[in-house]
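The values are calculated or read from the model by the stated rules, or taken from the named source; none is laboratory data. Just so it is clear, the model here is predicted, and its values are computed rather than measured. When we count neighbours, we look across all protein chains shown, and the Cβ atoms used for this are built from the backbone with ideal geometry, even at glycine.
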Amino acid sequence: MNNKSILLNGSFFEEEYQKKIDKLNNLEIKTVYVFDHNINPEIKKLSVYKIMAALSKLDKYERNFQIGSMVLNIRKREINDLIQNYLNPLVEIKNFTLGIGIGDDKYEIQKNVYDNNIEEVIKKIIDNKSFQENNVNLVIGGSSQKLNDLALKYGLGTNQWEGDITNLIKKIEAHSKAESKELNVSYCTKDLSFDGKTISQENFEIIYVLSEKKSFNKQIDEIEKQCLN
């Protein structure tokens with residue numbers, strides 16, 4: 001099963017991104033994700049892509065991988081803006097993986113946020129007829145039990161950003177028993193040597209997070225050599 005994916009670093013589109021996409025096309029990967037880098041950039045002085053502009057560029061390009069967001073912070077947008085300019089266009093992309101979350105105090109300061117209820121947002125997404133028609137995969141990102149319970153309640157995917165492997169295994173076990181269309185647990189990691197072989201359950205997704213601190217080519221070569229064989 002192809003369960004290895006890539007999360008793009010913020011400056012990915014700044015220089016020769018077509019060549020970078022060509023390099024990604026030569027990998028046996030499942031999905032290329034974009035992140036809300038303008039919310040929480042890795043290096044503040046560097047330019048970062050906007051999530052919708054990045055996805056537009058990827059969607060227009062001939063590619064061998066699927067695309068997705070991991071994750072879109074629903075509380076950083078006013079609800080009408082969120083739905084009309086983000087969620088509705090994203091569910092029009094076939095086989096898109098739509099990762100959403102509410103932010104985490106561990107990784108970013110939660111200020112200037114809107115009081116958007118994530119369960120209500122989930123309902124709006126799954127009630128959109130394009131959600132089913134385009135085979136969109138909805139994933140809830142976050143570490144809280146509340147968010148994981150919502151994913152289980154609606155038969156959705158869940159994403160863990162780094163953290164303890166024991167918790168990851170517990171999530172995999174819980175979701176393997178749920179009534180969802182497929183086991184859908186993903187794990188974001190900056191450890192490019194992590195291949196998941198230490199986890200007995202193999203049918204979960206590993207998302208390698210590209211960094212600004214290493215060159216793109218060096219990171220891709222490392223992933224290809226250590227993790228995709």
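Structure values in brief
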{"read-out": "Of residues in the range 36-50 being more than 14 Å from Glu14 (Cα to Cα) and of a type outside the set (S, T, N, Q), the one modelled with the highest pLDDT", "value": "Asp36"}
{"read-out": "Members of the range 52-63 that are surrounded by fewer than 21 Cβ atoms within 10 Å (Cβ to Cβ) and farther than 17 Å from Lys23 by Cβ", "value": "Met52, Ala53, Ser56, Asp59, Lys60"}
{"read-out": "Residue in the range 177-194 that is modelled with the lowest pLDDT, counting only those that are part of a loop (DSSP other than H, G, I, E, B), within 17 Å of the chain's Cα centre (by Cα) and within 14 Å of Ile140 (Cα to Cα)", "value": "Leu183"}
{"read-out": "Extreme residue, surrounded by the most Cβ atoms within 10 Å (Cβ to Cβ), among residues of the range 82-97 that are within 11 Å of Asn135 (Cβ to Cβ) and hydrophobic (A, V, I, L, M, F, W, C)", "value": "Phe96"}
{"read-out": "Selection from the range 189-216 of residues that are among the charged types (D, E, K, R) and either more than 15 Å from Gln160 (Cα to Cα) or surrounded by fewer than 19 Cβ atoms within 10 Å (Cβ to Cβ) (or both)", "value": "Lys190, Asp191, Asp195, Lys197, Glu202, Glu212, Lys213, Lys214"}
{"read-out": "Leading residue by the ranking (modelled with the lowest pLDDT) among those in the range 148-167 that are surrounded by fewer than 21 Cβ atoms within 10 Å (Cβ to Cβ) and hydrophobic (A, V, I, L, M, F, W, C)", "value": "Ile165"}
